[in-house]
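Note sheet for the following structure.
The values are calculated or read from the model by the stated rules, or taken from the named source; none is laboratory data. Computed from a predicted structure; not experimentally measured. Here the Cβ positions follow ideal geometry from the backbone for every residue, glycine too, while neighbour counts run over all protein chains shown.
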Amino acid sequence: MRLRSFLLFLCFSSSFTVQAKEQTFIVEGLKSPAQILVDSWGIPHIYAESHYDVFFVQGFNAARDRLWQIDVWRRRGLGKLSEVFGSKYIAQDEASRTFLYRGDMYSEWLAYGNDAKRITESFVNGINSFIKLTRQQPELLPAEFKILSYFPETWKPEDVVRIRSNGLWRNITREVWRAQLACSKNLSLAAQWKKLQPNWKTKIPVGLDPCVIPPKVLDKYLLAKAPVNFNDSISIASVADSFDEQLGSNNWAVSSSRTTTGRPILADDPHRSHAVPSLRYISHLNGPGINVIGAGEPALPGVSIGHNERIAFGLTIFPIDQEDLYVYEKKRKGYRYQSDNEPFHIITESVLVKDSEPVTIEMKFTRHGPVIYETKRHAFALRAAWLEPGMAPYFGSIEYMGATNFRSFVAALNRWGAPSENQVYADIDGNIGYKPAGRFPKRNNWDGLLPVPGDGSYEWDGYFDMDTLPIEYNPARGYVGTANSMNLPSDYPIEDFKIGFEWSAPWRYQRIMEVLSNDTTHSLEDSAVLQRDYTSLLAKSVINRLPEISEHDLNLLSNWDFQLSSKSAPAALWAVWYYKHLVPNIKMLIDPYGQRPQGSSEIDSLMVLELLDTPKGKLIAYEALKPAIEELKSSLGEHPRDWQWGQLHQIRFSHPLLSLANQASKKEMEIKTYPRGGSANTTNNTGFSSTDFEVKSGASFRMVVDVGNWDNSTMTNAPGQSGDPKSFFYDNLLEGWANDESFPLLYSKEKIRENLVKTINLIPAE
């Protein structure tokens, strides 16, 4: 045990102080002495005497807290798993290598700004310095390396930006599915299963035979984006794409004229798959020319969500269509392009394999991108904006985290490539703003919703200028906000600028706008409460369409306040009824032959509402209640008063090596399970599988910023900051997060020292 009760008391007490622990490292590569001050919640506050030392220490600290996580991230991204884990990972290594950035590195570094390369060099030198220390002091090596019997490898700066397979990718899965529907003469089903917004009707590109696209065309693509599975052999079935329907984010900024503080408030909570350790890591970077705090990817320098001394910023996915599948007619040793035969560009590499001989792999490329599948007559390649210079996921924040006003922030966003994002902004002068960012391909003669021939008739005509994307600055309503749903202005010229037509469901966004529009005196607590909000506007919309529901629902749903709280009986009935019984049956009205999108079991909720407006749809909904009630009686008991949504809907953070650990390590790795409220369609996003309702994704990181009074800001990051199961900070934030609590995001050195639990001194080696 970690003396949890005592330390939790310490964490919540501002008056109780103990002597902070102190640790000193002699560090090669560091130019001047530096310090890491770790506060009660595990946030590292880094102080260095030079600009580049700041990032050196950030890399050193990332390795100190997350070495195994970032090592696996690097090996997976570079296609080097087989080297240490064995032959079952060869296919995944080949897939990852297929999607590496292979262009000119000068153009790559320049795309991020003049300082990006030196910052990254400093960052990886910090990582490598800690790795070297683990050789000298084996006790510093995380237990995972011992369980798997290998040692971490040192990094090169280009490793950070060449890896592209960690981004949230785009719509190629739906392109393939639409092609399958087109082959079966049922393309119209696509717009019913997934509503296109703004309203749009696609068509089969001239020259495309959709029937030549094989079912397994995306196997390599899906495997490249799959997490590393340490328990079983990797299979495509285990990584089938779910379209990331339940992933996304919320963010908003409220003007000083509408807040109780008289200062802007900015909130952000990205939604990702839950993992141990968490996918985001909070850091505070302080040195000459930089004083920024917030969350970023552990393996990247800088932060992408947070604030500096003048501005705050937060992001959510803005779904620009950045991918296309190209279909080629094969000719001799190449493919037909215009009137000529164009040869494949072939790259051959050797994959090192643990306890075996190296394996040679051959990767083919066309002028559009990597070949991901071949048949006897056809080749299929992916064109992706994120494979071009300046598109390493989230790395663009290197430029904007130092902005000082909206003009410089927007200018920095011009360098942001991927993933495409909604950015909200607030500053100490009282201004707020909104700007999406991301590389935006020009498709002059098609809409990007289906694969296209690779013969030259469908080419990207470069990229649109960022000025073609919407922008808001100090809107009269006094707030801005996004939640991945369609938020283009009503007069946006979509025919000229075909950004994309596939957006998340509108329910989170509508709830955020509903609260902000009614709240003229918005407080920090109001933002925190909105992040934790369990109101289901989807449930409200469904039930309001069923006037006779009281005859079937045991008086639960008809008298419900639409709150998906963990202790709610109506919420339990709603979830089992809607997801397991209503949706599977009602979708048969439009899809009787089960031609659903690959990996997706859920029809678009907007389409469900349309079907519920029909007599057949209503009848299906009513009839689905009886088996849902019987299922709940069987699983939760005969008496509805005893049902609780949280009995079905629980979060289980599981370390990826739990099954491989010995009993002592397993005890340290195991994390308590907690009931959760919400769903993927509530502001408090808790995405789940409809088979067992276990929470799979959501807002593990949350931030609410009091702009200008920075120490008043709050955050959480579940399960904790550290990847070390022996550390108190491994899961110290989980219970509070599960109970919808937040913790201080301290910024001033005075407040940090008041809540200091550990000082790490770094001294340059002579």
For Glu741, work out the one condition from (1) assigned to a loop (DSSP other than H, G, I, E, B); (2) without any contact (Cβ under 8 Å) to a residue 40 or more places away in the chain; (3) farther than 30 Å from Ser565 by Cβ it doesn't fulfil.
(3)
Search the range 462-483 for residues that are more than 28 Å from Asn444 (Cβ to Cβ) and pair each with any residue that is part of a loop (DSSP other than H, G, I, E, B) and not aromatic (Phe, Trp, Tyr) when their beta-carbon atoms are under 8 Å apart and the residues are at least 6 apart or on different chains.
Tyr473/Asn431; Asn474/Ser255; Asn474/Asn431; Gly478/Ser255; Tyr479/Ser255; Ala483/Thr683
Tell me, which residue of the range 250-277 that is among the small types (Gly, Ala, Ser) and not in a strand (DSSP E or B) is farthest from Asp711 (Cα to Cα)?
Ala275
Meets criteria (more than 29 Å from Val72 (Cβ to Cβ), at pLDDT 95 or above and in a helix (DSSP H, G or I)) for Gly677
no
Please find, among Ser523, Ser490, the residue that is modelled with pLDDT of 95 or more, of a type in the set (S, T, N, Q) and not assigned by TED's automatic domain parsing to the domain that holds Gly637.
Ser523
Can you name the residue in the range 689-717 that is among the small types (Gly, Ala, Ser) and modelled with pLDDT of 95 or more and, of all such residues, is farthest from Asn251 (Cα to Cα)?
Gly708
Among the listed residues Ala191, Ala226, identify the single one that is of a type in the set (A, V, I, L, M, F, W, C), part of a helix (DSSP H, G or I) and modelled with pLDDT under 95.
Ala191
Does the range 579-607 hold any residues that are in a loop (DSSP other than H, G, I, E, B) and among the β-branched types (Val, Ile, Thr), and which are they?
Ile590, Ile603
Output the residue which, of all residues in the range 553-578 that are assigned to a loop (DSSP other than H, G, I, E, B) and within 13 Å of Leu625 (Cα to Cα), is nearest to the chain's Cα centre (by Cα).
Leu557
On the given criteria, is Lys626 loosely packed, with under 15 Cβ neighbours inside 10 Å and either touching a residue at least 60 places away in the same chain (Cβ under 8 Å) or hydrophobic (A, V, I, L, M, F, W, C) (or both)?
yes
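For every residue, the table says whether it meets (1) under 22 Å from Ala267 (Cα atoms); (2) in the same structural domain as His581 (by TED's automatic domain parsing); (3) surrounded by 24 or more Cβ atoms within 10 Å (Cβ to Cβ).
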| position | (1), (2), (3) |
| --- | --- |
| Lys667 | no, no, no |
| Gly708 | yes, no, no |
| Asn717 | yes, no, yes |
| Gly720 | yes, no, yes |
Quick check on the range 401-434: of everything there that is buried (at least 23 other Cβ atoms within 10 Å of the Cβ) and among the charged types (D, E, K, R), which residue is nearest to Asn712 (Cα to Cα)?
Asp427
The number of residues in the range 135-163 that are crowded, with 22+ Cβ neighbours inside 10 Å, outside any helix (DSSP H, G or I) and out of contact with any Gly (no Cβ under 6 Å at 6 or more places or on another chain) is 3
Scanning the range 739-753 for residues that are under 18 Å from His45 (Cβ atoms) and under 25 Å from the mean Cα position of the chain (by Cα), which turns out surrounded by the most Cβ atoms within 10 Å (Cβ to Cβ)?
Leu745
Pull up the range 328-376, narrow it to residues that are surrounded by 12 or more Cβ atoms within 10 Å (Cβ to Cβ) and among the basic types (Lys, Arg), then point me to the one that is nearest to Val212 (Cα to Cα).
Lys330
Looking only at the range 306-351, filter to residues that are acidic (Asp, Glu) and in a loop (DSSP other than H, G, I, E, B); which one of those is nearest to the chain's Cα centre (by Cα)?
Asp321
If I filter the range 680-690 down to residues being out of contact with any helix residue (DSSP H, G or I) (no Cβ under 8 Å at 6 or more places or on another chain) and of a type in the set (Ser, Thr, Tyr), which single residue comes out as surrounded by the fewest Cβ atoms within 10 Å (Cβ to Cβ)?
Ser689
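So that you can scan it fast, the table gives a plain yes or no per residue for (1) modelled with pLDDT of 95 or more; (2) among the hydrophobic types (A, V, I, L, M, F, W, C):
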{"site": "Val515", "(1), (2)": "yes, yes"}
{"site": "Val542", "(1), (2)": "yes, yes"}
{"site": "Asn559", "(1), (2)": "no, no"}
{"site": "Lys567", "(1), (2)": "yes, no"}
{"site": "Ala575", "(1), (2)": "yes, yes"}
{"site": "Ile590", "(1), (2)": "no, yes"}
{"site": "Ser601", "(1), (2)": "no, no"}
{"site": "Asp613", "(1), (2)": "yes, no"}
{"site": "Leu619", "(1), (2)": "yes, yes"}
Could you list, in sequence order, the residues of the range 46-96 that are under 19 Å from Ser356 (Cβ atoms) and among the hydroxyl-bearing types (Ser, Thr, Tyr)?
Ser82, Ser87, Tyr89, Ser96
Can you work out which of the residues in the range 726-738 that are small (Gly, Ala, Ser) and farther than 25 Å from Ala312 by Cα is surrounded by the fewest Cβ atoms within 10 Å (Cβ to Cβ)?
Ser727
Among strands (runs of 3 or more DSSP E) entirely inside the range 689-738, those with 3 or more residues being farther than 18 Å from Ile43 by Cα are 695-698
Of Ile317, Ile346, Ile311, which residue is without any contact (Cβ under 8 Å) to a residue 40 or more places away in the chain and β-branched (Val, Ile, Thr)?
Ile346
Restricting the range 387-413 to residues that are part of a loop (DSSP other than H, G, I, E, B) and over 21 Å from the mean Cα position of the chain (by Cα), which is nearest to Arg280 (Cα to Cα)?
Gly402
